[in-house]
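The values are calculated or read from the model by the stated rules, or taken from the named source; none is laboratory data. None of the values given here were measured: they were computed from a predicted structure. With ideal geometry, Cβ positions are generated from the backbone for all residues, glycine too; neighbour counts draw on all protein chains shown. Surface accessibility is based on the protein's heavy atoms, side chains included, excluding ligands, DNA and RNA. Shrake-Rupley method; radii C 1.70, N 1.55, O 1.52, S 1.80 Å.
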Amino acid sequence: MSEKRQGAVKQITSHSNPLVKEIKGLVAQRKHRSQSGLFVAEGLKLATDALEAGWDVRYLAIGPEARDNPVAQKAAAAAKARGALILEVSTAVMSAMTRKDNPQMVVGVYEQQILGAKDIDPRGASVWVALDRVRDPGNLGTIIRTVDAVGGAGVMLVGDCTDPFAVEAVRATMGSLFHVPLAKMGKEEFKALAGKWPGTVAATHLKGSVDYRVPEWQDPVLLVMGNEQKGLEDDMADACKTLIRIPQVGQADSLNLAVATGIALYEIRRNHLEL
Ligand code: SAM
């Protein structure tokens, strides 16, 4: 087994340091994240979650407060032992890197992990959630967090989705990003996967003819959710065996995407959760 090289510690005081510019770019631009395969997660909880889940840390920036915090010190030592470069920065540099007036005391830079359609093994008693062109990073992060909470298998991002590694999406996962597998695929790849899926394939749809409490869910379940504005594309809906509806009685057109996902997931996993 190859062992990782021990990392190092570097003090940064200048805003124009190239590493500060690199982290700023990762925070601000999807293009930088895609080209480098890196992303930023802010906060000590996320740093600890990432280490526990075995993710590779490229840099761990620690502000002055973290130097007196035993949990932060432990995280920095663990990251360094795994080859990370520890950046000791001032609060002003941390603010500049994260574009925040009140930055977190710890900011990590990690290597992205994302699966493709061919990596998905649908066997086993679990549930995958597929999102058709999800646009809102807060919705995506909340769904990843909810999939984690019900012990789901992962989240598929179908078509042109928001970046799961954007700072807002990562923040909304509250650390679940490090525990829930993500996969990215085109619509045709998804339809092929859905076509040979061994368990229940159900889409939530405002025109669904089946109440979400009715189906007998056969594991593994594939739960498919539509786009925030446009709902599910017709051919995506056609690829699903069942269209389910969550009843509404008031004047709201529809439920928020993350809320609808949470309601459906808790129903699907009802028998698996010891509530
Ligand atoms: N105007 C969109 C439409 O016509 O579908 C509304 C989309 S809704 C905000 C986003 C997604 O949440 C939907 O595509 C569906 O997957 C799910 N959803 C929201 N409310 C639902 C409900 N009452 N029943 C079933 N699915 C629902």
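Summary table below
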quantity: Any chance residue 179 is assigned by TED's automatic domain parsing to the domain that holds residue 254, at pLDDT 95 or above, more than 19 Å from the chain's Cα centre (by Cα) and open to solvent by 10 Å² or more (accessible area, probe 1.4 Å); calculated: no
quantity: Residues located in the stretch 250-269, provided they are more than 8 Å from the ligand (Cβ to nearest atom) and more than 19 Å from residue 152 (Cβ to Cβ); calculated: 250, 251, 252
quantity: Residues being part of a helix (DSSP H, G or I) and either open to solvent by less than 40 Å² (accessible area, probe 1.4 Å) or touching a residue at least 24 places away in the same chain (Cβ under 8 Å) (or both) - total across the stretch 184-212; calculated: 8
quantity: Positions within the stretch 217-249 being within 12 Å of the ligand (Cβ to nearest atom), among the charged types (D, E, K, R) and assigned to a loop (DSSP other than H, G, I, E, B), in sequence order; calculated: 228, 230, 233
quantity: All helices (runs of 4 or more DSSP H) inside the stretch 1-108 with 2 or more residues being closer than 20 Å to residue 173 by Cβ, open to solvent by less than 40 Å² (accessible area, probe 1.4 Å) and β-branched (Val, Ile, Thr); calculated: 18-28
